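I have placed the structure first, in the form of structure tokens, so that the comments after it can refer back to it.
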Amino acid sequence: LQLIVCDHYEELSRQAARIVAKQVTNKPTSVIGFATGSTPVGLYQELTKMYQKGEVNFKQIRTFNLDEYVGLDKEHPQSYYRFMWENLFGKVGIEKSQIHFPSGIFQDPVQACNEYESQLKKEGPIDLQILGIGANGHIGFNEPAESFILNTHIIQLADKTIEANARFFRDKSEVPRQAITMGVGNIMNAKKIILLASDKSKAKAVQSVFSSIVDPRVPATILQLHADVSILVTNEVADLLK
Ligand code: F6R
């Protein structure tokens, strides 16, 4: 595990963008794993700026996102697909055919998960996976549990997560109760992982990743078993790490 302390959110976003751009420049056909949420918005803005200046080109990458809400189709204003399209993909010349997302709309949940698994198998492994972290230590939507689930699966969102994500909806009651997410095994299969944590509410969860105990009740703790993880935090978060 490598800890990278950045002065502030803008610097964290720039550093993360440099890592992503370097990956794409070194290997233009890279498979990149993307996360949604507030934390990577600055990273996506930086990547957009770099693209506009001609410093990076995403023409040949393939993308895989971590998760999607169950019941929201791609065009729903709060879908993660739409989030990625508006915050990055639509701005940097990424074609729809390059994008892979677990489907939030399905008849058969097992089939929906298997479909994403086979896409990951066919196109993967992911060269670089971008992660945020929940205050409860979730990665993707792998919520605290008694055991790890390795593959793509449907989960019940934790109450805390529903509350945290209610800010994107008109009302908490509109937040979907389920999501479809890559499993911990899918994330660990990525060749390189960067985890971004800029809010002090994440400090405790980040601290656990360095605790040398792997515990499915704090899913991010699994990352200490990966050979190439960089954790980018702001000073504000770093100050709370012991
Ligand atoms: C989103 C995802 C989640 C978020 C996490 C942090 O695709 O997988 O694990 O990364 O909930 O969200 P923010 O950045 O909004 O605090």
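Listed by first and then second residue, the pairs linking a residue in the range 221-242 that is more than 16 Å from Gly137 (Cα to Cα) to a residue that is of a type in the set (Phe, Trp, Tyr), with Cβ atoms under 8 Å apart and 6 or more places separating them unless they lie on different chains, are Thr234/Tyr9. Evaluate the range 124-137: report whether one residue or more is among the polar types (S, T, N, Q) and surrounded by fewer than 15 Cβ atoms within 10 Å (Cβ to Cβ). No, there is no match, as no residue in the range 124-137 is among the polar types (S, T, N, Q) and surrounded by fewer than 15 Cβ atoms within 10 Å (Cβ to Cβ). Summed over the range 152-166, residues that are touching a residue at least 12 places away in the same chain (Cβ under 8 Å) and under 15 Å from the mean Cα position of the chain (by Cα) total 2. So, of the residues in the range 163-199 that are part of a loop (DSSP other than H, G, I, E, B) and crowded, with 18+ Cβ neighbours inside 10 Å, which turns out to be farthest from the ligand (Cβ to nearest atom)? If we take residues in the range 163-199 being part of a loop (DSSP other than H, G, I, E, B) and crowded, with 18+ Cβ neighbours inside 10 Å, then Asn189 is farthest from the ligand (Cβ to nearest atom).
Each residue in the range 138-162 was checked for being near the ligand (Cβ under 9 Å from one of its atoms) and either surrounded by fewer than 16 Cβ atoms within 10 Å (Cβ to Cβ) or of a type in the set (Gly, Ala, Ser) (or both), and 1 pass. Of all residues in the range 194-226, those being in contact with a Leu (Cβ under 6 Å, 6 or more places away or on another chain) and aliphatic (A, V, I, L, M) number 4.
Whether any residue in the range 219-237 is under 20 Å from Thr39 (Cα atoms), modelled with pLDDT under 95 and not aliphatic (A, V, I, L, M) is what I want to check. Taking every residue of the range 219-237 in turn, none turns out to be under 20 Å from Thr39 (Cα atoms), modelled with pLDDT under 95 and not aliphatic (A, V, I, L, M).
The values are calculated or read from the model by the stated rules, or taken from the named source; none is laboratory data. Small disclaimer: the values here were computed from a predicted structure and weren't measured. Heads up, the Cβs are rebuilt from the backbone with ideal geometry, glycines too, and the neighbour counts pull from every protein chain shown.
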